[in-house]
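One structure is given below, encoded as structure tokens.
No lab work stands behind these numbers, since they all come straight from the coordinates. Predicted model, so just to flag it, every value in this text is computed and none were measured. When we count neighbours, we look across all protein chains shown, and the Cβ atoms used for this are built from the backbone with ideal geometry, even at glycine.
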Amino acid sequence: HATKKTMADHLRKYESLFTLTPQRMRMIVEAFKDTLELGLSKHKQTVPMIPTYVFGWPTGQEKGDYLSVDLGGTNLRVCLVTLEGEGKFEVTQTKYRLTEEQKQEEGQKLFDFCAECLKTFVDTNLQDENSGLKLQPGEKLPLGFTFSYPCTQERIDHGELIRWTKGFGAPNTEGHDVAAMFRASLEKFELPIELTALINDTTGTLIASNYVNPKNKIAVIFGTGCNAAYMEYVKDIPKIHDVGIGLDGQMAINCEWGAFDSFEHEHLPRTKYDQIVDETSNKPGEQAFEKLISGRYLGEILRLVLCELIDEGVLFLGQNTYKLEVPYAFDTAFLSLLESDPTDELLMAIGIFTHFFALETTLAERQFFRALAKLIGRRAARLSACGIAAIVSKMGYLEEGCSVGADGSLYNKYPGFADRVHEGLQDVFGDKGRNIVTHHAEDGSGVGSAIIAAMTKARK
Ligand code: ADP
């Protein structure tokens, strides 16, 4: 009878499924570029290329005190940002926890809570005589509001919520101008604050990273989801030529690129595990690019491979695997831990499998898990490189080179993620790929939002 396959034999199969060749990457980059252009030329495309009404780069000389509020998925963050010019700034911040009830409460009540937190923040941080902040009677502090839920915007200080995401469900908010709702709450609390800019966190990251280093031309986020923003010439945004700044101007574009290849599924190499992730997700067909890359899904992809090997009788024979069979039970942070384990025995892997899943493992199995994490993590980084390469190539940044500001837990905490992105860029562009370098970006929703508020004020 046939000899039993070793874990190394199994690994070979997954290597061929999850490996992206440079040639395949270049094909993806070409398709990605076309998709970006389509989104700029027509409304309502899969990758929507959302105009942000942030016009051009900051000068780096923006100065003064600005407030920012970030309504995130778990926290409400309020910052006072003092821009000092020359790319320098100081930040004072406080976080307020959002309860699940508040996310489902009447929309106006949610904004009232934001205003109430702002009031507490202002009372504790701005009334201090030594703070140097003197508001003249009638003077208002400009506020940048980071609201990272899909909105249609026609100007910077306005935005209609299309639909809630990230677990929010506050009634009477979808279809409404959230900036106007927030303004009503600010008035209710009689705050000397003027909401001047409504922004998305990726756009904030773009502007903040350019403020500190003008070589930063692109921003990317790799967290629960994934997204990118960059600065486009108005002449190359055919769907909105008439924004009132002339065709020579520039405007930041929030790509919402997680949607690349959604529905058609023509360009990205999807394995059967990726298909299961998609089909069992709450939005099948959507966010196809994001589902191969972001922190929300990488652990699940690895778990589905393990489940297949359990079904085939390869792994954990005679052990009870029910804990591992729960969808999303395997966190993406475990992939980081598997990859960074410094011990020969792979003690970290022993810890994860015994503690979280009550499973015993052999050394050969643990080496397999680590190798599998590497395949899945590497594929995510190389696909990210394809997205970055598409923007670089579209904008002609390759020759002179540019920096890419990156943020999110996957980028910041996954070992080797940045190196793999860089390696991927070289596979796409050859040696010139070295001209494109990613690095950790400044905080977009605090600092970025304040800079945008400053830029907006300067334009008025
Ligand atoms: P968000 O995108 O929600 O603002 P983060 O940038 O922190 O927040 O991303 C959260 C995602 O990152 C989660 O999906 C989580 O599984 C993943 N994550 C958290 N820690 C790590 C880690 N050490 N390595 C890899 N992924 C991680």
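Computed values, structure above
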| read-out | value |
| --- | --- |
| Reachable lysines, given that their alpha-carbon falls under 19 Å from the alpha-carbon of Lys272 and they are not under 8 places away in the same chain | Lys13, Lys283, Lys291, Lys374 |
| Percent antiparallel among DSSP beta bridges (both partners in the stretch 63-199, rounded to 5) | 70 percent |
| Cα Rg over Rh - the stretch 1-128, Kirkwood | 1.21 |
| Packing-based exposure ordering (other Cβ within 10 Å, fewest first) of Cys114, Cys151, Cys226 | Cys151, Cys114, Cys226 |
| Alpha-carbon centroids, the stretch 50-88 and the stretch 325-401: separation in whole Å | 33 Å |
| Among Ile245, Ala219, Tyr230 the positive-end extreme of the charge dipole of the stretch 215-275 (Cβ point charges) | Ala219 |
| Segments 263-273, 318-328 sorted - mean Cβ within 10 Å per residue, highest first | 263-273, 318-328 |
| FRET E, pair His176, Leu11, Förster distance 51 Å, beta-carbon r, rounded to 0.05 | 0.45 |
| Rounded tilt (10° steps) of 107-125 against the dominant C-alpha axis of the chain | 70 degrees |
| Extension gain (nm, one decimal) between Thr354 and Thr3, 0.36 nm per residue minus Cα-Cα | 123.4 nm |
| Structure-based [θ]222 nm, the chain - -39500 (n - 2.57) summed over DSSP H runs of at least 4, per residue, nearest 500 | -13000 deg cm²/dmol |
| Relative contact order of the stretch 41-195, pairs being alpha-carbon contacts under 8 Å that are 6 or more residues apart, as % | 25 percent |
| Point-to-point label distance, Thr94-Glu400, nm (Cα→Cβ direction, 7 Å offset) | 4.4 nm |
| Shape box of the stretch 312-460 [Cα atoms, principal axes, largest first, Å] | 69, 38, 28 |
| Taking Val277, Val392 and counting other C-beta atoms within 10 Å, the order from fewest to most | Val277, Val392 |
| Helix axis angle, 347-357 relative to the chain longest principal axis, alpha carbon, degrees | 80 degrees |
| Nearby aspartates and glutamates by direct alpha-carbon distance to Lys215 (threshold 19 angstrom, same-chain neighbours under 8 apart not counted) | Glu62, Glu86, Glu232, Glu399, Glu400, Asp407, Glu442, Asp443 |
| The chain, relative contact order in percent, only Cα pairs under 8 angstrom and at least six apart counted | 22 percent |
| Bridge type composition, the chain - antiparallel percent by DSSP, nearest 5 | 65 percent |
| Potential extension, Arg155-Lys457 segment - 0.36 nm per residue separation minus Cα distance | 107.4 nm |
| Whole-Hz couplings from phi, Karplus 6.51/-1.76/1.60, listed for the stretch 235-252; x for Gly and Pro | 4, 9, 10, x, 6, 9, 5, 9, 7, x, 10, x, 6, 7, x, 10, 9, 5 |
| Theoretical FRET efficiency, 1/(1+(r/R0)^6), r = Cβ-Cβ of Ala333 and Asn75, R0 25 Å, to 0.05 | 0.85 |
| Student exercise, the stretch 63-199 dipole from Lys, Arg, Asp, Glu Cβ charges, in Debye to nearest 20 | 280 debye |
| On Cα atoms only, tilt of 295-311 relative to the major axis of the chain in degrees | 20 degrees |
| Modelled FRET efficiency - R0 60 Å, Leu135 with Arg434, Cβ distances, 0.05 increments | 0.75 |
| The stretch 81-232: Cα Rg divided by the 2.2 N^0.38 Å rule of thumb | 1.12 |
| Packing-based order for 436-446, 343-353, using average beta carbon neighbours within 10 Å, highest first | 436-446, 343-353 |
| Fewest-first sequence of Arg24, Arg155, Arg183 by Cβ atoms within 10 Å of each Cβ | Arg155, Arg24, Arg183 |
| Label zone at Thr21, where the point sits 7 Å out along the Cα-to-Cβ direction: the stretch 385-424 residues whose backbone N lies under 19 Å | 386, 424 |
| Simple Cβ-charge dipole of the stretch 322-460, Lys/Arg +1 and Asp/Glu -1, about Cα centre, in debye nearest 20 | 680 debye |
| Viscosity 1.002 mPa s, temperature 20 °C, Stokes-Einstein D of the chain from Kirkwood C-alpha radius, µm²/s | 91 µm²/s |
| Lys, Arg +1 and Asp, Glu -1 on Cβ, resulting dipole of the chain about Cα centre, debye, nearest 20 | 740 debye |
| Net +/- balance of residues flanking Tyr397 in space, Cβ distance below 15 Å, scoring K and R +1, D and E -1 | +2 |
